[in-house]
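Visitor: Dropping a structure here in structure tokens format, bear with me for questions.
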Amino acid sequence: MTWNHGGNWAGFEYSTGKRPLDFSASVSPLGMPEEARLAAAAALRQAGAYPDPLCRGLRNALSGHLGVPPEQILCGNGASDLIYRLAIALRPGCALLTAPAFSEYEAALSLTGCRVRRFPLREDNGFRLEEDFLDQITPELDAVFLCSPNNPTGRTVEPCLLKRILERCRACGVWLVLDECFLDFLKDPSGHTLLPELEGRSLLILRAFTKFYGMAGLRLGYCLCADTELLDRMARSGPPWPVSHPAQEAGIAALKETGYARLLRELIRSQRPKLAEGLETLGFRVVPGEANFLLFHAGSGQLGDRLRQRGILIRDCRNFYGLGPGWYRTAVRTEEENAALLAAMREVTDPWQNGS
């Protein structure tokens, strides 16, 4: 079996016996909020009972946090679980994706026989989505998948353009699936979300606790949609009990954290430009991302392997459609960890930089 995502620390540890310094997964460097960790640990006392299959406590907590009725919220085993449930429940005949984009959109759609159209993002404009995308949204489509900030580029869709895309989708009778899993890392998340437009037609928003709250191991995501019939079909499109009791309790506790969110945003906001500058000093082309990771081109496809030999993992992005060898994504972590990454890169750069 092969693994095409980041975060494969277990594979590295299995083969080397050592734990890596992992920049391949774009997860909070602060780890889980302490109250969330304690809540998850306490929930293990009830491990002998099935978890609430409807996630009622968590949905009510999310409802109060977001101002969305609980019946418009569906929780899942991470956002990826919900993407597959959506593909099965919606069964679109044709979907439009940007390229590059998170690979699980196309993987899930392919299981239902959906025909995928790709809209290439251009390196010459920093992989920004622009107004020509609107022309690609036609009544022949059934769904449009967007991620803002996008994975792996880190670029957001301009809020005014995002609303025009939604308007165009609704005019054409096309679903807009908006992945906001990295939204909370932005300086102003409320200015980049379509949450206020949820009550209209044909909009589904994906979010997760995985990245911002450091819960990748617990697996916890949710989606928001005013079409409760679609959410019901999604709930029936996969195994029951998708969210464990510890994950539900950790999510409830995390939503109460305010100091954690402030500290994490400040950390990312201060460290991202420093890391970008360090990468550029090494001669790499850096995409000006806005989330907690950076996409860059290193001029050679050997960087990942050479860093791996030093116990450091970054995400090799050659398997993203529209990228290729030499493209990598690195998480933004603490100042000390970022410095260690740059130091290791300096050690391995000269022999092969610029393709030599």
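Only the coordinates and a few stated rules stand behind these numbers; no lab work does. Computed from a prediction, not measured in an experiment: that's the story for all the values here. Here the Cβ is made from the backbone with ideal geometry for all residues, glycine too, and neighbour counts use every protein chain on show.
Visitor: Ranked highest first by the average count of other Cβ atoms within 10 Å around their residues, in what order do 125-131, 101-107 fall?
Guide: Ranked by mean Cβ neighbours within 10 Å, highest first: 101-107, 125-131.
Visitor: For Lys274, list the lysines whose Cα falls under 24 Å from its own Cα; do not include residues on the same chain fewer than 8 positions away.
Guide: Lys187, Lys211
Visitor: While we're on this one: For q values of 0.09, 0.20 Å⁻¹, compute log₁₀ I(q)/I(0) with the Debye formula on a Cα-only model of region 27-159, without solvent.
Guide: The Debye formula, applied to the Cα set alone, gives -0.40, -1.25.
Visitor: Just rank Ser80, Ser190, Ser63, Ser110, fewest to most, by other beta-carbon atoms within 10 angstrom.
Guide: Least to most surrounded, the residues fall as Ser190, Ser110, Ser63, Ser80.
Visitor: Length gain on complete extension for the stretch Asp132 to Lys187, per 0.36 nm per residue less the alpha carbon to alpha carbon distance?
Guide: Computed gain between Asp132 and Lys187 is 17.1 nm.
Visitor: If a paramagnetic tag sat 7 Å from the Cα of Glu123 along the Cα-Cβ line, which residues of region 306-342 would have the backbone N under 17 Å from that point?
Guide: So the set is 316-330.
Visitor: Now for a separate question. How far apart, in nm, are two points set 7 Å out from the Cα along the Cα-to-Cβ line at Arg164 and at Tyr50?
Guide: Output for this residue pair reads 5.0 nm.
Visitor: Which parts of region 249-293 would a label at Glu35 reach, counting a residue when its backbone N lies under 13 Å from a point 7 Å out along Cα-to-Cβ?
Guide: Label zone hits: 250-262.
Visitor: Could you state the orientation-averaged shadow area of the convex hull built on the Cα atoms of region 192-239, in nm² to one decimal?
Guide: The orientation-averaged projected area of the Cα hull of region 192-239 comes to 4.3 nm².
Visitor: For Ala254, what charge total do you get from the other residues with a beta carbon under 15 Å from its beta carbon, if Lys and Arg give +1 and Asp and Glu give -1?
Guide: +3
Visitor: Still on this structure, please answer the following. Counting each pair of different Cα atoms once, what's the Kirkwood radius of region 169-219 in Å, rounded to one decimal?
Guide: That comes to 12.3 Å for region 169-219.
Visitor: Shape of region 152-301 from its Cα gyration tensor (a ≥ b ≥ c, root eigenvalues): rounded if a/c is under 1.5, otherwise prolate when a/b > b/c, or oblate?
Guide: Judged from the Cα gyration tensor, region 152-301 comes out oblate (a/c at least 1.5, b/c at or above a/b).
Visitor: Strictly under 4.7 angstrom between C-beta atoms: which cysteines of the chain have no such partner?
Guide: Cys94, Cys114, Cys147, Cys160, Cys169, Cys172, Cys181, Cys223, Cys225, Cys317 - these cysteines have no disulfide-compatible partner (Cβ-Cβ under 4.7 Å) in the chain.
Visitor: In addition: Out of the DSSP beta bridges found with both residues in the chain, what percent are antiparallel (nearest 5)?
Guide: Just about 45 percent of them are antiparallel.
Visitor: Averaged over all directions, how much area does the convex hull of the C-alpha atoms of region 34-254 cover when projected, in nm²?
Guide: Directional mean of the projected Cα hull area for region 34-254 stands at 11.7 nm².
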